1. What is the stretch 274-365 by shape, rounded, prolate or oblate, if you read a ≥ b ≥ c off the alpha carbon gyration tensor as root eigenvalues and call it rounded for a/c under 1.5, prolate for a/b larger than b/c, and oblate otherwise?
2. Hey, any idea what the orientation-averaged projected area of the convex hull of the stretch 1-102's Cα atoms comes to, in nm²?
3. When only C-alpha pairs under 8 Å and at least 6 residues apart count, what is the relative contact order of the chain, in percent?
4. Just to be sure I follow: if Rg is taken over the C-alpha atoms of the stretch 143-197 and Rh is the Kirkwood radius over the same atoms, what is Rg/Rh?
5. Of the heavy-atom accessible surface of the chain (probe 1.4 angstrom), what whole percent is carbon and sulfur?
6. About the Cα centre of the chain, how large is the charge dipole given +1 on each Lys and Arg Cβ and -1 on each Asp and Glu Cβ? Please answer in debye to the nearest 20.
7. Of the DSSP beta bridges with both residues in the chain, give the percent that are antiparallel, rounding to the nearest 5.
8. Of 293/388; 106/388; 191/294, which pairs sit farther than 31 Å apart, going by alpha carbon to alpha carbon?
Amino acid sequence: MTAVDHRRSYPALPHPRRRLPLLGDVLGFSADSPSQSTMALADLGPLFEFRFLGARYVVAAGPEVVAELSDESRFCKHVGPDIDALRILGGDGLFTAYNDEPNWQKAHDVLMPAFSQQAMRRYHSIMFDVADELTARWDGRAARGVTVDVSVDATRVTLETIGRCAAGHPFGCFESEAVHPFVEHMVAGLKGSDRVGVLRQTFLPDFVARRAERPVRHHAARLHAIADEIIAERVRGGLGRHDDLLELMLTSDLQLANIRYQLINFLVAGHETTSGALSFALYYLSQHPEVVKKARAEIAEVWGDEVRPGFENIAKLRYVRRVFDEALRLQPTVPGYYREAREDTVLAGVHPMRKGDWVLALIGSLHRDPQWGPDPDAFDPDRFAPEKVRARPAGLYKPFGTGPRSCIGRQFALHEAVLLLAVLIRRYDVIADPDYQLQITERLTLMPKDFHLSLSRR
Ligand code: MNH
């Protein structure tokens, strides 16, 4: 039954036990880690709700409900409160655009060729160039016996890669010890958008959210200035000499204001999530020497002594890919996405929704559902062996979202991550501090916190 039955009444959804009058489910909810707070509620069931200062959030955490939400005939992407606030940075760029904004389809069509196989072949050598800069840095650290801050360096490598691949722009991430201003303003902007998104939904007076917007606008202005300078640099150098995403946009009929927003969208979405995922993969590798050993054997077999294996030699690293897939299962760096009803409908037979009502699909919980097997919290890349994948119900794994608004950069991220992991596994033994307990910071996406590795060259 998916039509609303007006003769019956629907049961209340499960909610956290200690609900306070008026304030709602504020106990145990941390504004700094909304995703982890929400994940902690997942034992309420496959579909639950929580309330926060007058706002109501309905959350889908079970495979059947998430599968229902993937039905494009009934549901579509929703630009949720945090993503809507992110429009201060990203405007009507691809990730932050509303479904019916004309620039979404227009830009999607213009940009698809930037993710073709042919384009990926061009990125391949840039990815290796940047990997060399990372290993030069890490070799120095290894020689001096100094640890590396994994998330910080993963961010260096992924920002540098997307800057050069998408816009021919070297950020110079390896030339300075300081965090690049782009990263600084992005992180502050992402964290701020998250807060603004939460505040706008509450019953607090409007000025509270508006005041929280101020710093976000400040950081957005800095990001816009960086993007505008990259665009100006390209125009000064003359169009027609490059073959990349920026060139595709500048030679299309997209307006300049939108091109700036697209560039910000790509520079942010194109590195932040991959950086987190790469960091988590390195974390799990540091905890699982047996996995490192297997990966190394594969890399030796596929790459041999080649210093710079060709494009085809990345996808052949099936086991390294499984390591990355499994890291993204346990730590989906985009921990959820929103889905909205196209028409009045009933979700899971119990939750009536009006057209436009939305639900959060909580991927972090989906990825640890009991259907994954006996110990869903354990790291085991063999879960992604083909026979295991076939034996499992489809739809348990959604790290890149769903439908026409799912991730356009998926192949880019996978190529880059597998390439980097292989380079690093081949070159270093990675040793984590045995006392380190995985901690996660949230800035819309997830990232390990204060995770350091000791390296030794092999
Ligand atoms: Mn990516 C959309 C996850 C890497 C550019 N990305 C999405 C969505 C998820 C996602 C989930 C859908 C969000 C939603 O439904 O609201 N993306 C990831 C992950 C990684 C990733 C987990 C890395 C790992 N993404 C990348 C890379 C790029 C990129 C790399 C660019 C080079 N992603 C995008 C863009 C969108 C998107 C652009 C929006 C697409 C659209 O709406 O048309």
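The values are calculated or read from the model by the stated rules, or taken from the named source; none is laboratory data. Fair warning: this is a prediction, and the values are worked out from it, not measured in the lab. Cβ coordinates were reconstructed from backbone atoms using ideal geometry, including for glycine residues, and neighbour counts include every protein chain displayed. Protein only, heavy atoms only, side chains kept; ligands, DNA and RNA dropped before computing areas. Shrake-Rupley method; radii C 1.70, N 1.55, O 1.52, S 1.80 Å.
1. Values: a/c = 3.92, a/b = 2.73, b/c = 1.44.
Because a/c hits 1.5 or more and a/b exceeds b/c, the stretch 274-365 counts as prolate.
2. Orientation-averaged projected area of the Cα hull: 8.9 nm².
3. Working: 705 pairs, mean separation 112.1, N = 458.
This gives 24 percent for the chain.
4. Values: Rg = 13.4 Å, Rh = 12.7 Å.
Ratio of gyration radius to Kirkwood radius for the stretch 143-197: 1.06.
5. Values: 10840 of 20410 Å².
After summing per-atom areas, the C and S share lands at 53 percent.
6. Working: 57 positive and 60 negative charges, 106 e Å.
That gives the chain a dipole magnitude of about 520 debye.
7. Values: 30 of 32 bridges.
So the antiparallel bridges amount to about 95 percent of the total.
8. On the way: 293/388 21 Å; 106/388 39 Å; 191/294 38 Å.
Correct reply: 106/388; 191/294.
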